[in-house]
1. Give me the residue from the stretch 136-164 that is open to solvent by less than 50 Å² (accessible area, probe 1.4 Å) and over 20 Å from the mean Cα position of the chain (by Cα) and, out of that set, farthest from I116 (Cα to Cα).
2. For the stretch 392-426, give me each residue that is within 18 Å of R353 (Cα to Cα) and open to solvent by less than 20 Å² (accessible area, probe 1.4 Å).
3. Of everything in the stretch 645-659, what is surrounded by fewer than 18 Cβ atoms within 10 Å (Cβ to Cβ) and at pLDDT 90 or above? Give them in sequence order.
4. Please go through the stretch 165-175 and pick out each residue that is β-branched (V, I, T) and surrounded by fewer than 24 Cβ atoms within 10 Å (Cβ to Cβ).
5. Against the definition (modelled with pLDDT under 95 and open to solvent by less than 10 Å² (accessible area, probe 1.4 Å)), how does G43 come out, yes or no?
6. I need the full set of residues from the stretch 92-115 which are at pLDDT 90 or above and crowded, with 20+ Cβ neighbours inside 10 Å, in order please.
7. On the basis of being under 20 Å from L480 (Cβ atoms), in contact (Cβ under 8 Å) with a residue 24 or more places away in the chain and over 22 Å from the mean Cα position of the chain (by Cα), does V339 make the cut?
8. So which residues in the stretch 592-644 are in a helix (DSSP H, G or I), open to solvent by 40 Å² or more (accessible area, probe 1.4 Å) and either polar (S, T, N, Q) or closer than 29 Å to D441 by Cβ (or both), if there are any at all?
Amino acid sequence: MSASQPDRLLDRIERPQDLHGLSEDELARVAQEVREHIIATVGEIGGHFGANLGTCELAVALHSLLDSPRDKIVWDVGHQAYPHKVLTGRRDQLATIRRYGGLAPFCSIAESEHDIMGAGHASTSIGYAVGLKEAMRARGDRDAGRVVAVIGDGAMTGGVAFEAIHQAGGLGTPIVVVLNDNGMSIAPNVGALSRYFNRVRLNPRLWHARGGIEGGLTKLPGGIGAAFERFGPNLKESIKAFAAPGLFWEELDWAYVGVIDGHDVRALRIAVRDALAARRPVVVHIATVKGKGFGPAEDGGLEGMERWHAAKPRSIANGEVVASSQAADVKPPPQYTTVFGEALLEECRRDARVIGITAAMNSGTGLNILQAAMPERYFDVGIAEQQAVLFAAGLALEGARPVVAIYSTFLQRAYDQIVHDVCLQKLPIVLAMDRAGLVGDDGPTHHGVFDIAYLRCLPNIVLMAPRDEAMLVHMLRTALSHAGPCAVRYPRGEGVGVPLPQEPMLVPIGTGEILREAPDAGGGDGHRVALLGYGTGVSKALEAAALLELDGIEATVADARFAKPLDSGLIAQLAAEHELLVTIEEGVLAGGFGSAVWETLNEAGGGAQTRILRVGVPDRYVTHGAPALLHEEIGFTAERIAERVRAAIDRPSATFAER
C-alpha cells in the first residue's frame with residue numbers, strides 16, 4: 001500500500017485547484033508521485049493499471065489549467081481516470097477502489113462532483129461533451145465552463161464517437177478532445193484507423209509538421225510558390241494531406257493539434273491551453289505509453305501492455321512483480337471463458353464454416369485461443385459491437401456459421417442489429433455472452449443481468465444457459481447445429497469442476513431436465529417444493545435443496561436449460577405436482593426467466609392456481625464488490641433461497657410471490 005513520503009507534493013493536493021500555483025517542474029513531480037501511488041496501491045489491491053499509468057501527466061496538466069467541476073473533464077470509459085480520482089480528493093481512498101462499499105471502478109457522478117458522468121462502456125465521452133457544451137450555450141451563459149473529453153485511440157474505433165465528432169463539427173461546438181493514443185484498448189487495437197494512428201504516432205517528422213507546410217508551399221522558388229497561391233486552397237489541401245496527420249479532422253471542421261508527447265507536462269499544457277483558447281472544436285492528439293513507469297508493462301511491448309491492463313491483487317510489491325504463490329498441485333476448475341475458447345477452436349476444426357468474432361476482447365472472451373491456432377478463422381472488429389453482429393450477418397448470408405463472443409453487458413450496444421439484421425432474417429448466428437450475471441468488482445456498468453429480458457422478447461431466437469462447463473460445450477455444438485439465431489449465456493470465473501465431454505452432444509432445444517426428484521412423502525412435506533434453475537441458478541437450487549432437506553423439506557430440482565423456447569411440459573408437470581414453484585436466475589426479474597415461466601403457466605390456464613416464487617436480480621442497479629457479497633446483498637445464495645422457501649411454505653395463501 002502506498003505510504004506518505006516526506007516532502008511528497010501529492011500529499012498537499014486535496015483538490016484540483018491546489019495544482020494551480022505549482023510550477024511546471026513541480027507539476028511533473030506530482031505526476032510521477034501519482035504514478036508511484038497507483039503502482040503501490042493497485043499492485044496490492046488489484047484493479048485497472050496500465051492505462052492509468054499512461055495518463056498521470058495528462059490528468060495533472062488538465063487539472064492545472066481547468067477549474068473543476070465548473071470546467072468539465074469527461075473521461076471515456078473511466079479505467080484511465082485513477083489519476084483524476086487521486087487529484088480530486090480521493091487519494092487516500094484509492095485502496096478501496098472496486099471493493100464493496102469503496103470507490104467505484106469508473107467515474108461516478110454519485111461519488112464526486114468532479115466526475116461529470118458515470119460510464120464504463122467505451123466511445124461515449126465526445127457525445128457527452130457535445131451535449132454538455134451545447135446545454136451551456138443554450139442557456140446563453142457566456143461564462144460557462146470549458147469542456148474537455150479524453151478518449152483513447154481504442155475507443156475511437158466505436159462508431160458512436162464518430163457520430164459525436166460529426167455533430168460537433170457541424171455545430172462548431174467549442175470543446176477540446178484529447179485523443180490519448182497508446183495503440184491499445186485492452187488488447188492491441190485493430191483496423192485501418194489503428195494503422196493510421198500508428199503511422200502518425202511512430203513518425204516523429206509528423207509530430208509538428210502541420211504548421212509549416214502551407215507556408216512552405218507558397219515560398220517555393222522559381223514562381224512555383226506563386227502558382228500554389230494562384231491555384232487556391234484545393235491544391236494546397238491535397239498536397240498537405242500527403243504529409244499532415246490532421247486532415248481527417250480538419251475535413252470535419254475540427255482543428256488538429258499534435259502529435260504531442262503525453263508524458264511532457266509542459267507540452268501538454270501549451271497544447272491544451274491553445275486548444276481551449278480557440279473556442280471551436282479542437283482535437284489534441286497525444287502519444288502515451290500504456291504502463292508508463294512500470295517496467296514489465298512498458299518494456300514488454302504489446303504483450304506486456306495487454307497483460308498489465310489490469311493488475312491482480314498482491315501482484316506488485318516495492319515496484320516489482322511478485323511471483324505467484326499458488327501451489328503446483330492445486331489445479332482449480334477451468335474458467336468458463338477458457339472452456340468456451342477451446343470448444344470453439346474444436347468446432348472450427350470440425351466445421352470449416354465456423355468463424356469466431358470478437359469486439360476488441362480477444363483474451364477476455366477466450367478467442368485468443370482461436371486467434372493463435374487458426375488466425376484465418378478469427379476476426380476482431382475493434383470496439384464496434386454493432387459491426388461485430390452486422391459482420392456476422394453478412395457471413396451467415398454467405399453460408400458461414402459465425403460465433404460472436406461478446407460480454408453480456410457489451411452486447412446491449414448491438415441491440416438493433418440483433419433485432420433487425422439477425423432475428424428478423426432468422427440468420428444462424430451464435431451470440432456467446434460471457435460475463436453473464438453479477439461480475440463483481442467492475443460494478444453496474446459491467447454486470448450482465450439484462451440479456452435474458454432484452455433477448456427473450458425477440459421472435460426466432462433460442463436462449464440457453466449451461467449449469468456447468470460440460471453443458472457449455474454441449475450447448476455450443478447445439479447452437480451451431482441450429483438453423484436460426486441462438487444466444488448462450490455463461491458466467492465469469494471457474495466452472496464447477498465436472499469432466500469435460502470428449503464429444504459434444506446435441507441438447508434437444510426447448511427441453512429441461514430434472515436433476516433431483518423429491519420422493520413421494522405420503523402427504524408430508526415431500527412434493528411441496530420444486531426449484532427450477534436457469535444457468536447459474538441451477539447450482540443455487542441444488543444447494544438450497546440440500547439445506548431444505550435438513551429441515552425435512554424434500555425439494556425437486558430441475559434445470560430449465562432454455563429460457564426460450566421453454567419446456568412448457570416440464571413446467572406444467574412441476575406446477576401440477578408441487579405446491580410451490582421457485583424460479584432461480586442470475587438476471588433481472590423484470591421480464592426475465594421467472595416471468596417467462598409465469599407467462600407460460602398463465603397462458604395454459606394454470607397461473608392462478610400455481611404459487612410461484614421468483615429469485616433473481618431486483619429492479620435496481622447493483623453496486624460493485626466481490627460476487628459473494630453481491631449475491632448476499634440481493635439474496636442470490638442457497639441460504640437466502642432456502643429461507644424464503646420456508647417462509648413461503650408457512651404462508652400458503654399467496655398465489656404469486658416475488659422479491
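1. A164
2. If the condition is that a residue be within 18 Å of R353 (Cα to Cα) and open to solvent by less than 20 Å² (accessible area, probe 1.4 Å), then A392, A393, A396, A400, P402, V403, V404, A405, V422 are the ones that fit.
3. If the condition is that a residue be surrounded by fewer than 18 Cβ atoms within 10 Å (Cβ to Cβ) and at pLDDT 90 or above, then R646, A647 are the ones that fit.
4. I165, T173, listed by residue number.
5. For G43, the condition - modelled with pLDDT under 95 and open to solvent by less than 10 Å² (accessible area, probe 1.4 Å) - is met.
6. H114, D115
7. In short, no.
8. N602, P627, A628, L629, E632, E633, E639, R640, E643, R644
The values are calculated or read from the model by the stated rules, or taken from the named source; none is laboratory data. In this text the structure is predicted, and so the values were computed from the model without any measurement. Note: ideal-geometry Cβ built from the backbone for every residue, glycine included; neighbour counts use all protein chains shown. These accessible areas exclude ligands, DNA and RNA; they are computed on the full protein's heavy atoms, side chains included. Shrake-Rupley method; radii C 1.70, N 1.55, O 1.52, S 1.80 Å.
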